[in-house]
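Worksheet: one structure, shown below.
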Amino acid sequence: MTNIKSKKGVFLFVVVVLSLLIPLAATSTTYSVAKDEVESKNRQRFESRTNNQEQLIQERIRQYVGVLKGASGLFIASDVVTRDEFRNYAMAVDSKNSIPGALGLGFIADVPTSQIDNYVDQQNKSGNEGFEIKPDLSYENGYYIITYVEPFEVNDLAIGLNIAFENNRR
C-alpha cells in the first residue's frame, strides 16, 4: 500500500511539474517565435527605409553636382562671367528647387595676391559696382572671394567676403 501511495505521489508530482513546465515551455516558444518575427519585420522595415533615404540622398547629391557642373561650364565657356550672367544661370537652373536645402548658389574666386587689384577693377567694370574685398587680408595662398551668390537679395552682404580669413577654409 505504501508503494502505491508512493507511486501515486510521484505521479501527482510529475503531473504538477508537467502542468507547470508545458505551459511555460509553450509560452517561451511562442514568445521566442513572436520576438523573432517582430525583429525580422522591424529589420526589413528599417532596411527599406534606410535604402529609400540613401536613394533620396544620392539623388539630391546628383542634383547638386549637376548644378555645380553647369556653373563650371558657364565659367569655362566664358572669358569673363558677369553678375547678370551668373544670375541668369541661377534662374535658369531654378536653384531654389534644383538644389533643395541650399541657401544659395555662389561662386568663390581663387585670386592670387598679385592679381587682387586687377580682379577688383574687373568686377567693378563687369556689373559688380562697388565691389570690395572684406576683410582685405591676404594670405600666402591669396584670396578666396565670394564673387557671385544667388539669390542676391538675401545674400548681398556676402559679396566680396574673403573667406581665406577663416582658418578652416584656407
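The values are calculated or read from the model by the stated rules, or taken from the named source; none is laboratory data. The structure displayed is predicted, hence computed values, not measured ones. As a convention, Cβ positions derive from the backbone with ideal geometry for all residues, glycine included, and neighbour counts pool all protein chains shown. Surface areas here come from the heavy atoms of the whole protein model, side chains and all, with no ligands, DNA or RNA. Shrake-Rupley method; radii C 1.70, N 1.55, O 1.52, S 1.80 Å.
Once the Cα atoms are used to define both axes, helix 83-92 deviates from the longest principal axis of the chain by about 30 degrees. For the range 88-126, the residues whose backbone nitrogen is under 19 Å from a point 7 Å from the Cα of Glu132, taken along Cα to Cβ, are 116-126. Per-residue SASA remark: Arg87, around 50 Å² accessible (1.4 Å probe; ligands, DNA and RNA not included).
One decimal place: the segment Leu157-Thr29 gains 39.3 nm when fully extended, by the rule 0.36 nm per residue minus the C-alpha distance.
Highest GNM mean-square fluctuation among Phe13, Phe86, Phe46, for the chain modelled with Cα contacts below 10 Å: Phe13. Between helix 2-76 and the chain there is an angle of about 10 degrees, using the helix long axis and the longest principal axis of the Cα atoms.
If the viscosity is 1.306 mPa s and the temperature 10 °C, what translational diffusion coefficient in µm²/s does Stokes-Einstein give for the range 113-160 when Rh comes from Kirkwood over Cα pairs? Mind dumping the intermediate values first?
On the way: Rh = 11.4 Å.
It diffuses with D of about 140 µm²/s by this estimate.
Here the sum of -39500 (n - 2.57) over DSSP H runs of 4 or more residues, divided by the residues of the chain, equals -21000 deg cm²/dmol at 222 nm, to the nearest 500. Roughly to the nearest percent, how much of the accessible area of the range 1-160 is carbon and sulfur, given a 1.4 Å probe? Whole-percent figure for carbon plus sulfur exposure: 59. Only beta bridges with both residues in the range 51-170 are counted; by DSSP, about 90 percent of them are antiparallel. Compared with the dominant Cα axis of the chain, that is its longest principal axis, helix 116-125 is turned about 80°. Between Tyr139 and Ser40, full extension at 0.36 nm per residue minus the direct alpha carbon distance yields a gain of 29.9 nm. Taking every protein chain into account, the accessible area of the chain amounts to 73 square angstrom per residue (probe 1.4 Å).
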